[in-house]
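Working notes, structure below.
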Amino acid sequence: MDCPVDGGVLSEISDTEEYEIVPIEVILTDIAANKLREIFNTEPGEVVLALAVHRGGCSGYLYDMQIGDKPEPVGHQFDDISGIPIAISDFDSSLLAGIVIDFQDSLMGGGFKIENPNAAKECSCGSSFG
């Protein structure tokens, strides 16, 4: 079953909603860190791994991982984990605190996988949580 359409990045559509800011606590497995280093080596300039949450998906929220330009410091937290610069918006921090990012290489369904201790439920699509 495919997940419903993405409803947009929470931090961009919820500027009036109250939220709790939680310090970044992201764990990268060795294989995920190595894969990200490979990807970062091909990117020019000062880029970061931006982690975000979108409304949508089978279970309520979707993960978003993108490599891009470093966002403005106001409203974001930054960390360097295993040599990977990471940015998370303050708005998404409570939903992403404590996540483990892994990389699984397989013929079917390989790629980055996120294990989230904050998720009450997860969809079988692997991208959606609630």
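Summary of computed values
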quantity: Residue in region 1-9 that is surrounded by 16 or more Cβ atoms within 10 Å (Cβ to Cβ), in a loop (DSSP other than H, G, I, E, B) and modelled with pLDDT under 75 present; calculated: yes
quantity: Subset tally (residues that are of a type in the set (Gly, Ala, Ser), farther than 14 Å from Ile21 by Cα and in contact (Cβ under 8 Å) with a residue 40 or more places away in the chain) for region 58-97; calculated: 4
quantity: Residues of region 94-114 that turn out to be over 19 Å from Tyr61 (Cβ atoms) and either part of a loop (DSSP other than H, G, I, E, B) or touching a His at 6+ places or on another chain (Cβ under 8 Å) (or both), as a count; calculated: 6
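Conditions tested, residue by residue: (1) modelled with pLDDT of 90 or more; (2) out of contact with any Ser or Thr (no Cβ under 7 Å at 6 or more places or on another chain); (3) closer than 21 Å to Lys113 by Cβ.
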| residue | (1), (2), (3) |
| --- | --- |
| Glu17 | no, yes, no |
| His76 | yes, no, no |
| Ser82 | yes, yes, yes |
| Pro85 | yes, yes, yes |
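The values are calculated or read from the model by the stated rules, or taken from the named source; none is laboratory data. Please read these numbers as outputs of a predicted model, since none were measured by experiment. Don't worry about glycine lacking a Cβ; one is built from the backbone with ideal geometry, like all the others, and counts go over all protein chains shown.
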